[in-house]
Amino acid sequence: MFGLSHEQDYSISSGGTLRNNETLVSAGGVFELGFFGVPSTGNRYLGIWFVDDPQKRPVWVANRDNPLTDSTCFLQVRDDGNLILEDRRLTPMIVNSGALSAYPNTTATLLDTGNFVLQAGTNLVWQSFDYPSDTYLPGMKIGWFGLTSDVPTPYFLSAWESSTDPGHGDFTLGVDYKVANLTVYRGDSTHVDIGYWDGKRIHLLFANYSNSFNFSYFSNPNEAYFTFTTIGNYSMSWLVMASTGLIDEYTLSNRGISMMSHSLCEASGNYTVNASFCSTPSPSSCNGTFSAINGSFQNSSIVNGSIEMSFSDCESICASNCSCLAYITPTNQIGCQIYAGSKDHLYNIIQQGGGLVYVRDNIPTKKSKYELMIYIIYIMGNRS
């Protein structure tokens, strides 16, 4: 899949060029940036991969929907400070089009984190971590930014179209910031939660994984995102949103890379996986109305936030997430209490008296294999 490459330095200065048969290697020799091709099409792409990965699987692709057409392609830091890709068509493609440079002299550097950054001195102009492909690396942020703006910006993973086509595919890994969930979305709006934050740590809803992830969740009125570091005996661990709809978990240890795939939901379209992992049906299959019963939730954990909540806000949050089966409206300056999980356990955690619990009508009876999926989330907020 990849042609021969020639090692250069780890950065390109203003006016510098990286050609088709050349690569950048990060200072510590962790990551490599260069061009790769798809033999069946002859298309060329600019990507980043692990130096120790014999298969050179890209963790980031610059031009995934705009392939270059031939081996004359090159990457250049143009005199105006912007990163461009070009081939024999002589039509420059600006890599950092989402954050154009206001400086004439910039330097593009590949870091040992896998982040490719464009800087003018100490000023960060653009970075690849703000434009994820299909791979979630340590230090990357997945979530929402600019929530107080007219057009919030999602930092989500997007699967490849296929194992050989890096174009945007059907599956996306993102964050449902209203309930602090990691969620996989499919193009037809089917979605499934793969992890939830209980206020202190994340619960990944996989049968097995390496326990090498130390996740953190940050939330304020303007942004909400997950990030993580690698822990344990591994040099690095990361997740990939695969083109099949699965989540692939990779670990790097002793210069070797291992992988396991995690199933998400029952067979439906491209979800060719085990039904016991399915935590969220299609939005069209869950009823959005609720009935009130007397009672309160027995246990809870707290998720920080500063979103002001009202009765209608709580109902809207629960109705929009098919995993949510019941909620309690804000009381005493405490935000919505949201219950998601098995129908059978819902009534086990409701105790008599104390107020009203609003339970979804016609609750889906599908039961999760994992009791960890039973949780209550407090979203801190004030009554509107």
Both in Å, the radius of gyration and Dmax of the C-alpha trace of the stretch 143-249 are 14.3, 44
Using modelled backbone amide H atoms (1.01 Å from N, in-plane), which distant-in-sequence or interchain residues come within less than 5 Å of Ser243's amide H?
Trp160
Rounded to the nearest whole Å², what accessible area per residue is found for the stretch 146-252 with the 1.4 Å probe?
40
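Taking a ≥ b ≥ c as the square roots of the eigenvalues of the Cα gyration tensor of the stretch 49-197, is the shape rounded (a/c under 1.5), prolate (a/b larger than b/c) or oblate?
Prolate shape, in that a/c is at least 1.5 and a/b is the bigger ratio.
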Placing each pseudo-label 7 Å from Cα in the direction of the beta carbon, Ala120 and Ala27 end up separated by a distance in nanometres of 2.3
At what distance in angstrom do the alpha carbon centres of the stretch 227-247 and the stretch 109-158 lie from each other?
17
Met236 long-range amide H proximity, modeled H, under 5 Å:
Leu252
Accessible carbon and sulfur surface of the stretch 58-183 relative to its total accessible area, %, 1.4 Å
50
Once amide H atoms are built 1.01 Å from N in the peptide plane, which residues 5 or more positions from Phe213, or in another chain, come under 5 Å H to H?
Ile231
If you roll a 1.4 Å probe over the heavy atoms of the protein chains, what accessible area per residue do you get for the stretch 1-118, in Å²?
44
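Are there trypsin sites (Lys or Arg not before Pro) in the stretch 63-154 that DSSP puts in a loop and that have at most 14 other Cβ atoms within 10 Å, and which ones?
On the way: sites: Arg64, Arg78, Arg88, Arg89, Lys141; in loops: Arg64, Arg78, Arg88, Arg89, Lys141.
Sites meeting the loop and neighbour criteria: Arg88, Arg89.
Compute and list, largest first, the equivalent-ellipsoid semi-axes of the stretch 189-248 from the alpha carbon gyration tensor, each √(5λ) rounded to a whole angstrom.
Values: eigenvalues 76, 66, 26 Å².
Equivalent ellipsoid semi-axes, largest first: 20, 18, 11 Å.
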Using the Karplus curve 6.51 cos²θ - 1.76 cosθ + 1.60 with θ = phi - 60°, what ³J(HN,Hα) values do you get for each residue of the stretch 243-257, in whole Hz, with x for Gly and Pro?
5, 7, x, 8, 9, 9, 9, 10, 9, 10, 8, 6, 6, x, 10
Go from 0 up to the bin containing the longest alpha carbon distance in the stretch 41-130, width 10 Å each, and give me the % of pairs per bin.
16, 46, 32, 5, 0
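The values are calculated or read from the model by the stated rules, or taken from the named source; none is laboratory data. Keep in mind that this is a model prediction, so the values were computed, not measured. Counting neighbours? That spans all protein chains shown, and the Cβs are built from the backbone with ideal geometry, glycine included. Protein only, heavy atoms only, side chains kept; ligands, DNA and RNA dropped before computing areas. Shrake-Rupley method; radii C 1.70, N 1.55, O 1.52, S 1.80 Å.
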